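The values are calculated or read from the model by the stated rules, or taken from the named source; none is laboratory data. Just so we're clear, the structure is a prediction, and the values are computed from it rather than from any experiment. Positions of Cβ are backbone-derived with ideal geometry, glycine not excepted, and every protein chain shown enters the neighbour counts. Note: accessible area is taken over every heavy atom of the protein model, side chains too, but ligands, DNA and RNA are not part of it. Shrake-Rupley method; radii C 1.70, N 1.55, O 1.52, S 1.80 Å.
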Amino acid sequence: QVQKREILGKKVKSLRERNSIPAELYGHDLKNIHLSVPAKEFARLFREAGESTVINLVLGKEKLPVLIHDIQKDLLTENVSHIDFYQVRMDEKITTAVSLEFVGEAPAVKEKGGVLIKAVHEPEVEALPADLPHSIPVDLSLLSDIGADIYVKDLKIGGKAKISAHPETVIATVAEAKEEAEEK
């Protein structure tokens, strides 16, 4: 549930004091709209949806399908200080970053003392907005030896979404742990 706002510039501080977050809505063939969003409602929604799930903004009687394109946080308090929403067309493919969810434990780390290196955290995914995955699971149990790799081609994304990165791009690898040289 969002509202249009007339408060702009430095005056948005008064919005934040009333537990609202200033936001911008923009998109394909859409004029920018200045919004205010209830802080508690946004915090709950962001935990559930993240940046790669389509959410509906309710503006008056309109429901607008959007992605959370960007958030800015206060450096001291970590509170969200500004939000950019991007309105999507449900019949048009989009490309956005989707978080990887590393699951399981790598046998090469547990049994052979290797070090897990995560090379990619949010690959670009192309899909219709309704087909975007919330996250992509990465099964670390595939890393059974030092030097083993998980590639983009090994990911199970399902549906009609596709990862934009090259199939041979390394997602995660296990490197040999280097012994630190003793100081004399």
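Here are the numbers for this structure:
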| quantity | calculated |
| --- | --- |
| Matching residues, the range 5-29, being outside any helix (DSSP H, G or I) and at pLDDT below 80 | R5, E6, I7, L8, H28, D29 |
| Residue check for F46: in contact with a Lys or Arg (Cβ under 7 Å, 6 or more places away or on another chain), open to solvent by 40 Å² or more (accessible area, probe 1.4 Å) and in contact (Cβ under 8 Å) with a residue 24 or more places away in the chain | no |
| Only listed residue being part of a strand (DSSP E or B), open to solvent by 90 Å² or more (accessible area, probe 1.4 Å) and not hydrophobic (A, V, I, L, M, F, W, C), chosen from K63, K40 | K63 |
| Filter pass, I33 being of a type in the set (V, I, T), at pLDDT below 90, more than 28 Å from A161 (Cα to Cα) and out of contact with any His (no Cβ under 7 Å at 6 or more places or on another chain) | yes |
| Residue ranges of strands (runs of 3 or more DSSP E) in the range 78-184 with at least 1 members open to solvent by 60 Å² or more (accessible area, probe 1.4 Å) and more than 30 Å from V54 (Cβ to Cβ) | 115-118 |
